[in-house]
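The values are calculated or read from the model by the stated rules, or taken from the named source; none is laboratory data. The structure presented is a predicted model; accordingly, all values stated were derived computationally and were not measured. Don't worry about glycine lacking a Cβ; one is built from the backbone with ideal geometry, like all the others, and counts go over all protein chains shown.
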Amino acid sequence: MEKRIKVSVLLLLCAFLLMAGMFLHEEGNPDETEMDDYFIENGQVETGSNNIVAAIVFDYRGLDTLGEASVLFAAAIGVLIVLGATKNE
Amino acid sequence: MSKEMSPIVKNVACVLAIPIIIFGLYIILHGHLTPGGGFPGGAIMASLVALFLIAFGTGWAKKINKGILSWGESIGLALFGLLAFLGLGTSFFNNFLANSNSLFGMSIPFGPNQGFLWTGGTIPLMNIAVGLEVFAALSIIIPIMFSSDESSKEGKK
Amino acid sequence: MIFEFLQAALLLGIVAAGFLAVKSEDLLKAVIFLAAMSLLLTSQFYLFQAPDVAIAEAAVGVGLSTAIFVITIKKTERWENGKKN
């Protein structure tokens, strides 16, 4: 009985993923293109950087990167506090 | 428990050190021209620390100066935040150095070009800051996880 | 046409590597399968024209996490459920 439930859930998941794969968007062809067009047309000249991804990550959406760096900083400090202190005893 | 590995592994790790460092620095410094940036470059350079730990064992892990790495981590994050705040005349994270003919301030026309290193404004500086921060943070985390078990055992004795 | 075949082969390889990583009793083998899955995922990202994500995945998924898992296995046990130990 339990195995049957597991198999049916797995089949349901497979069917869902197959459906999602079949109705996938064509690559490089999003619905809303206003913001993408702005970045593609003005990003290189405004920031002077050839890599538009770097321009978005460090300039247009820099706050996200600041949060990411802070998370890594907090993780390192946490590891240093929790595990690094056992050495000095 | 985790002692040194064979001389072959140690020698190969030593030979691989220079290419890994150069590749990581390339990924960081060319972050505004080619795919990559501070985070992957720092992770590549930190994977060298993991390789050395596996090859040389706990004895090498105790030689790492965690004070300097902690300072590097703090300086990286502070530099990143400072560069973000310096553009506050217009907005937070404003790229005030781009197209200004000063530090990394060369302006480029729209379209494909061969890639000039002296462009990008604050983006290369932020790449360097984030690369330093990620490298130092990961090089703190991995040796501590590697050597914490044995040091706590020694403490119990 | 060849692009679709390559993509399907990569996706099937990802599924196979993940299945083998879950199924293998030797945890070191499972970590290697996980790294192989990450490598195939990197090529998939590259085929989707996202080289930035591919480089981040290659550095973190293939390099760092494999090293951390190997260190963890060195600290604990190599075999699942304490077999052959």
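This table checks each residue for (1) outside any helix (DSSP H, G or I); (2) more than 14 Å from chain B (Cβ to nearest Cβ); (3) basic (K, R); (4) in contact with a strand residue (DSSP E or B) (Cβ under 9 Å, 6 or more places away or on another chain).
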site	(1), (2), (3), (4)
C:K29	no, yes, yes, no
C:M37	no, yes, no, no
C:T42	no, no, no, no
C:F45	no, no, no, no
C:V62	no, no, no, no
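May I ask you to list the residues in region B:54-107 that are closer than 17 Å to A:D59 by Cα and in contact with a Pro (Cβ under 6 Å, 6 or more places away or on another chain)?
The one that is closer than 17 Å to A:D59 by Cα and in contact with a Pro (Cβ under 6 Å, 6 or more places away or on another chain): B:F104.
Yes/no matrix, rows are residues, columns are (1) out of contact with any strand residue (DSSP E or B) (no Cβ under 6 Å at 6 or more places or on another chain); (2) closer than 26 Å to C:V60 by Cβ; (3) among the aromatic types (F, W, Y):
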site	(1), (2), (3)
B:F56	yes, yes, yes
B:L79	yes, yes, no
B:G87	yes, no, no
B:T90	yes, no, no
B:M106	no, no, no
B:Q114	yes, no, no
B:W118	no, no, yes
B:E133	yes, yes, no
B:M145	yes, yes, no
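Which residues, counting only those in region A:34-89, are more than 9 Å from chain B (Cβ to nearest Cβ) and of a type in the set (D, E)?
Within region A:34-89, A:E34, A:D36, A:D37, A:D64 meet the criteria.
Taking the condition of being within 16 Å of C:D26 (Cβ to Cβ), assigned to a helix (DSSP H, G or I) and more than 7 Å from chain B (Cβ to nearest Cβ), how many residues in region C:64-82 meet it?
Number satisfying all stated conditions: 7.
Being touching a residue at least 24 places away in the same chain (Cβ under 8 Å) and assigned to a helix (DSSP H, G or I) is the filter here; which residues of region C:6-27 pass it?
If the condition is that a residue be touching a residue at least 24 places away in the same chain (Cβ under 8 Å) and assigned to a helix (DSSP H, G or I), then C:L6, C:Q7, C:L10, C:L11, C:G13, C:I14, C:L27 are the ones that fit.
Out of A:L13, A:L80, which single residue is modelled with pLDDT under 90, on the phi < 0 side of the Ramachandran plot and aliphatic (A, V, I, L, M)?
Going through A:L13, A:L80 in turn, just one is modelled with pLDDT under 90, on the phi < 0 side of the Ramachandran plot and aliphatic (A, V, I, L, M): A:L80.
When you go through B:G42, B:G31 one by one, which is the residue that is within 14 Å of chain A (Cβ to nearest Cβ), in a helix (DSSP H, G or I) and either under 23 Å from A:A69 (Cα atoms) or in contact (Cβ under 8 Å) with a residue 24 or more places away in the chain (or both)?
Of the residues listed, the single one that is within 14 Å of chain A (Cβ to nearest Cβ), in a helix (DSSP H, G or I) and either under 23 Å from A:A69 (Cα atoms) or in contact (Cβ under 8 Å) with a residue 24 or more places away in the chain (or both) is B:G42.
Within region C:1-56, how many residues are charged (D, E, K, R) and more than 26 Å from C:K74 (Cα to Cα)?
So the count comes out to 2.
Among the listed residues B:N113, B:N94, B:N99, which satisfies the condition of being touching a Ser or Thr at 6+ places or on another chain (Cβ under 8 Å), outside any helix (DSSP H, G or I), of a type in the set (S, T, N, Q) and closer than 28 Å to C:A50 by Cβ?
B:N99
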